[in-house]
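The structure under discussion appears below in the form of structure tokens.
The values are calculated or read from the model by the stated rules, or taken from the named source; none is laboratory data. Values in this document were obtained by computation on a predicted structure and should not be read as measured data. Every residue, glycine among them, receives a Cβ derived from its backbone with ideal geometry; neighbour counts consider all protein chains shown.
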Amino acid sequence: METVNTTERLSRLRELMKKYSVDVYVVPSEDSHQSEYIAPCDARREFICGFSGSAGTAVITLDKAALATDGRYFNQAEKELDSNWELLKQGLQDVPTWQEWTADQSEGGKTVGVDPTVITASDARKLADKIKKKGGAELKSVKENLVDAVWGDAKPARPDENVKVLGLEFAGKGYKEKLEDLRKDLEKRKSAGFVISMLDETAWLYNLRGNDIPYNPVFFSYAVVTQDAATLYVNDSKLTGDVKQHLGDFVKIRPYDSIFDDVTALSDAVARTNGDGGSREAKKFLLSNKASWALNQSLGGQDKVEEVRSPIGDAKAAKNETELEGMRACHIRDGAALSEYFAWLEDQLVSKGARLDEVDAAEKLESIRSKHKHFVGLSFPTISSTGPNAAVIHYKPERGSCSVIDPKAIYLCDSGAQYLDGTTDTTRTLHFAEPTDMERKAYTLVLKGNIALERAKFPKGTSGFALDTLARQFLWAEGLDYRHGTGHGVGSYLNVHEGPIGIGTRVQYSEVSLAVGNVISDEPGYYEDGNFGIRIENIIMVKEVDTNHKFGDKPYLGFEHVTMTPMCRKLIDVSLLTKAEKEWLNSYNEEILEKTSSYFEGDSLTKVWLERECQPY
């Protein structure tokens with residue numbers, strides 16, 4: 001993590017702001033599809049401010065600049081921002097949100113500008129309201145992205161990777177059946193059609209995958225589905241013969257950039273039909289509440305659009321049996337890879353006294369994973385962190401500037417992979433020497449929370465918002481906590497962070513209940529800045545469970561874990577565990593041995609390590 005000098009970039013941006021009569025300019029992190037992870041060509045916020053984390057918003061005035069981000073990135077942002085920037089630590093008391101800070105800067109009739117393709121329509125409306133209340137002039141849609149203009153020829157080219165077909169043996173359901181399900185939903189809603197903007201949604205709907213964004217098997221595309229047509233907006237150069245044969249005549253292909261003109265024409269055609277319909281109820285297009293302001297404007301704005309939580313997002317989050325079985329299978333292979341890696345790392349650091357830095361270790365883990373069946377690549381950059389770096393929640397080690405792993409300090413590894421049959425994400429925290437009492441206590445409190453969440457049983461209709469305290473309760477009892485969510489949805493050979501479900505304190509997690517087939521992470525943690533960090537993450541899947549009673553005649557749900565690598569024995573204070581927690585650990589370790597031991601025939605190093613870590617408590 002290095003500081004970038006942004007003085008010249010800000011100076012050039014401010015000249016453009018004056019040219020476009022903009023007093024305040026907003027630069028979100030997201031691309032035109034509201035992607036969390038983005039292609040290098042869309043990393044505008046990182047370019048203008050130097051902060052490389054995945055979440056945050058930059059706001060620039062003619063004489064100030066601020067970067068707002070959440071608790072996962074406070075440490076990182078403080079190290080990467082130069083003196084031109086003020087850090088707005090979101091979620092802390094008395095710290096304004098980036099919207100409030102922006103509105104404050106607009107006082108006195110100043111104009112705020114933003115590229116309408118990189119902000120959602122709802123966010124644009126809320127920001128416009130705040131600006132108006134503060135006496136600002138307006139929120140202006142600036143169709144030329146001003147950061148792109150500053151970036152110029154140095155900006156990376158847009159990826160143009162080939163799209164691939166995902167076979168039915170992995171998808172579990174054909175795209176024609178998915179289209180049929182979607183159309184039934186559209187009919188119930190009396191909708192004119194659905195305009196799809198999220199990249200993982202078009203990939204899932206058509207059983208296609210791509211390689212346009214690092215770590216996410218998606219491709220730049222839009223889609224429109226009506227009762228009588230399905231159109232995929234993607235550049236033809238990306239489509240192989242296999243893809244065209246897969247889609248056949250059922251899906252019309254249009255150029256990626258033609259989406260805005262096409263939906264305007266579609267909306268106008270529907271408006272004419274509505275006008276001829278007499279008393280018939282006027283139909284509107286459905287648009288995801290995560291779609292861009294630009295797409296909303298192209299459809300005619302609020303009067304012609306119904307913004308909804310995406311029905312495709314809901315369907316995608318409830319995995320079918322093929323996808324669930326794929327998750328089980330890929331996590332066994334992935335767990336075996338992690339166990340082999342941890343055994344190797346301990347041997348190198350302790351027995352051989354090797355000097356390894358964080359990147360060396362991460363690259364070794366990737367090489368071990370890559371030899372397993374159906375491996376495609378990583379699902380996010382590996383967080384390989386030693387000592388104080390483990391306290392940086394989304395730490396990314398860089399070659400040449402990362403730390404050498406200290407065998408006498410905490411080591412945190414958060415990593416995952418993309419396999420054709422699923423996506424993995426696992427965090428383990430280890431110690432190779434003698435942990436302090438506080439490290440052992442903190443680790444055990446985090447472990448207790450991890451176990452408590454997984455063992456929960458709850459009525460259908462319960463949200464992740466309601467379950468969050470189960471993972472935090474033991475930390476809270478000691479006056480401790482962590483500044484990140486407890487769980488996120490996980491895609492099936494798709495994005496490692498997948499909505500709409502999650503476990504945490506975000507308001508949106510209260511709006512969506514957990515359902516059978518959801519795949520989600522369970523990852524409480526604890527961090528001491530400048531000292532150490534602890535996180536334990538398993539992937540769990542929602543299933544229906546048996547209970548003695550069924551209050552209100554509701555089904556009851558629970559979780560099934562699929563992650564298959566052990567916890568760190570050295571960091572567990574067994575005196576803090578209950579009998580039930582020890583029984584859970586013993587059962588979990590037996591399952592790991594049963595499912596992964598066959599991978600270590602002829603590998604005595606890993607086998608000995610695994611058997612030691614899985615001893616009964």
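A few points about this structure:
- Count - residues of region 512-528 that are farther than 21 Å from MET438 by Cβ, in a loop (DSSP other than H, G, I, E, B) and not hydrophobic (A, V, I, L, M, F, W, C): 2
- Output for region 315-344, where each listed residue is of a type in the set (A, V, I, L, M) and either outside any helix (DSSP H, G or I) or touching a helix residue (DSSP H, G or I) at 6+ places or on another chain (Cβ under 6 Å) (or both): ALA318, ILE332, ALA336, ALA337, ALA343
- Applying the criterion of at least 2 residues that are modelled with pLDDT of 95 or more, out of contact with any Pro (no Cβ under 6 Å at 6 or more places or on another chain) and surrounded by fewer than 19 Cβ atoms within 10 Å (Cβ to Cβ) to the helices (runs of 4 or more DSSP H) found wholly in region 226-305 leaves 241-247, 259-275.
- Selection count, region 455-479, where residues are in a loop (DSSP other than H, G, I, E, B), out of contact with any Leu (no Cβ under 7 Å at 6 or more places or on another chain) and farther than 17 Å from MET541 by Cβ: 3
- Hey, GLY172 over 30 Å from ALA39 (Cβ atoms), touching a helix residue (DSSP H, G or I) at 6+ places or on another chain (Cβ under 7 Å) and crowded, with 16+ Cβ neighbours inside 10 Å or not: no
- Matching residues, region 469-528, being in contact with a Pro (Cβ under 8 Å, 6 or more places away or on another chain) and among the small types (Gly, Ala, Ser): ALA471, GLY489
- Residue match in region 343-356 (condition: buried (at least 21 other Cβ atoms within 10 Å of the Cβ), farther than 20 Å from LEU605 by Cα and modelled with pLDDT of 95 or more): no
- From the list ILE383, ILE405, the one residue that fits, being among the β-branched types (Val, Ile, Thr), modelled with pLDDT of 95 or more, buried (at least 21 other Cβ atoms within 10 Å of the Cβ) and closer than 15 Å to HIS431 by Cα, is ILE405.
- Looking across region 596-609 at every residue that is of a type in the set (A, V, I, L, M, F, W, C) and either farther than 15 Å from ASP334 by Cβ or not assigned by TED's automatic domain parsing to the domain that holds THR565 (or both), the one that is surrounded by the most Cβ atoms within 10 Å (Cβ to Cβ) is identified as TRP609.
- Positions within region 92-109 being assigned to a loop (DSSP other than H, G, I, E, B), surrounded by 13 or more Cβ atoms within 10 Å (Cβ to Cβ) and either among the acidic types (Asp, Glu) or touching a residue at least 24 places away in the same chain (Cβ under 8 Å) (or both), in sequence order: THR97, SER106
- Among residues that are surrounded by 18 or more Cβ atoms within 10 Å (Cβ to Cβ), of a type in the set (Val, Ile, Thr) and not in a helix (DSSP H, G or I), VAL112 is included.
- Residue tally, condition surrounded by fewer than 22 Cβ atoms within 10 Å (Cβ to Cβ) and more than 14 Å from GLY525 (Cβ to Cβ), over region 479-496: 1
One line per residue, one yes/no per condition, for (1) hydrophobic (A, V, I, L, M, F, W, C); (2) farther than 22 Å from LYS79 by Cα; (3) touching a residue at least 40 places away in the same chain (Cβ under 8 Å):
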position	(1), (2), (3)
ARG14	no, yes, yes
VAL22	yes, yes, yes
TYR25	no, yes, yes
HIS33	no, yes, yes
ALA39	yes, yes, yes
GLY53	no, no, yes
ILE60	yes, no, yes
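- Residue satisfying all of: in region 39-52; surrounded by 23 or more Cβ atoms within 10 Å (Cβ to Cβ) and touching a strand residue (DSSP E or B) at 6+ places or on another chain (Cβ under 7 Å); nearest to TYR233 (Cα to Cα) among these: ARG44
- Checking GLU78 against (1) under 27 Å from the mean Cα position of the chain (by Cα); (2) surrounded by 17 or more Cβ atoms within 10 Å (Cβ to Cβ), the condition it does not meet: (2)
- Pairs where the first residue, in region 375-393, is touching a residue at least 24 places away in the same chain (Cβ under 8 Å) and among the β-branched types (Val, Ile, Thr) and the second is buried (at least 20 other Cβ atoms within 10 Å of the Cβ) and part of a strand (DSSP E or B), C-beta under 6 Å, 6+ apart: VAL376/GLN418; THR382/SER415; ILE383/ASP414; THR386/TYR411
- LEU87 under 21 Å from ARG44 (Cβ atoms), outside any helix (DSSP H, G or I) and not assigned by TED's automatic domain parsing to the domain that holds HIS484: yes
- With respect to (1) touching a residue at least 40 places away in the same chain (Cβ under 8 Å); (2) within 29 Å of ASP481 (Cβ to Cβ); (3) acidic (Asp, Glu), the lone exception for ASP82 is condition (2).
- Selected residue (only one of GLU187, GLU177 is under 26 Å from GLY491 (Cα atoms) and in a helix (DSSP H, G or I)): GLU177
- Residues located in region 175-199, provided they are of a type in the set (D, E, K, R) and touching a residue at least 24 places away in the same chain (Cβ under 8 Å): LYS176, LYS178, ASP181, ARG183, ASP185, GLU187, ARG189, LYS190
- LYS173 meets each of the listed conditions (1) under 30 Å from GLY301 (Cβ atoms); (2) under 27 Å from the mean Cα position of the chain (by Cα) apart from (1).
- Residues considered: THR426, THR436, THR462, THR444. Of these, the only one that is over 30 Å from ASP212 (Cβ atoms) and either buried (at least 20 other Cβ atoms within 10 Å of the Cβ) or in contact with a His (Cβ under 7 Å, 6 or more places away or on another chain) (or both) is THR444.
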